[in-house]
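Worksheet for the structure shown next.
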Amino acid sequence: MRVLYTAFKGKNNSSKILIDLIEKGKKLYITNSFTTSITELENELKCNSYDLIIAFGRSTLEKDTIKIETVGRLFYSYKTTYDYKFLKEKLENNNYKVKISTNAGKYLCNNFYYNGLKYIKNYNLNTKMIFIHLPGLSKITDIQNLANIFNEIGDLQ
């Protein structure tokens, strides 16, 4: 399975640090910009095909809580086609609290997710996409363990 992991750039960004630790798949570090981040993703998808895009962002969450976003919303709503129940179970079995959300926020994360899902649909790509919000680095007990889980997810899907 070809997996693309994305995270916003930033030294202390928990999502960037997480994908630094993921050993498998391709990584795309995106710019903290509404327009540039979308261009970066679209350029990547024009050049390469993926079965799954796992996009990460940071949010205000409780310790060891992971929020799986299922919908990107701007002018319209796009729902993921990724079967996230497996991911939810895998995270919960590793002592993470998991929240399933239909509201990815109103800022960069939602904009990126919405436009990624829209691009996949408009170009009829055989790619699934999921967006995952992480807490800040100080609220993740073992980020290496979390990276190991996502290494496995890429292998098992």
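The values are calculated or read from the model by the stated rules, or taken from the named source; none is laboratory data. Here the structure is a predicted model, which is why all the values come from computation and not from measurement. In this analysis, Cβ positions are derived from the backbone assuming ideal geometry, glycine residues included, and neighbour counts consider all displayed protein chains. Side chains included, ligands, DNA and RNA excluded: accessible areas come from the protein's heavy atoms. Shrake-Rupley method; radii C 1.70, N 1.55, O 1.52, S 1.80 Å.
Quick notes on this structure:
- Hey, TYR29 in contact (Cβ under 8 Å) with a residue 60 or more places away in the chain and in contact with a strand residue (DSSP E or B) (Cβ under 7 Å, 6 or more places away or on another chain) or not: no
One line per residue, one yes/no per condition, for (1) under 18 Å from LYS118 (Cα atoms); (2) touching a residue at least 60 places away in the same chain (Cβ under 8 Å); (3) hydrophobic (A, V, I, L, M, F, W, C):
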position	(1), (2), (3)
PHE8	no, yes, yes
LEU21	no, yes, yes
LYS24	no, yes, no
ILE54	yes, yes, yes
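- All conditions but one from (1) farther than 28 Å from ASN95 by Cβ; (2) modelled with pLDDT under 95; (3) among the hydroxyl-bearing types (Ser, Thr, Tyr) apply to THR60; the one that does not is (1).
- The stretch 140-157, subset out of contact with any Leu (no Cβ under 7 Å at 6 or more places or on another chain) and buried (at least 19 other Cβ atoms within 10 Å of the Cβ), residue modelled with the highest pLDDT: PHE150
- Annotation: ALA104 fulfils all but one of (1) small (Gly, Ala, Ser); (2) out of contact with any Phe, Trp or Tyr (no Cβ under 7 Å at 6 or more places or on another chain); (3) over 19 Å from VAL3 (Cβ atoms); the unmet one is (2).
- The stretch 121-139 - residue that is in contact (Cβ under 8 Å) with a residue 60 or more places away in the chain and more than 14 Å from PHE56 (Cβ to Cβ) and, of those, least open to solvent (accessible area, probe 1.4 Å): THR127
- Helices (runs of 4 or more DSSP H) fully within the stretch 1-110 that include at least 2 residues being within 13 Å of the chain's Cα centre (by Cα) and crowded, with 20+ Cβ neighbours inside 10 Å: 14-21.
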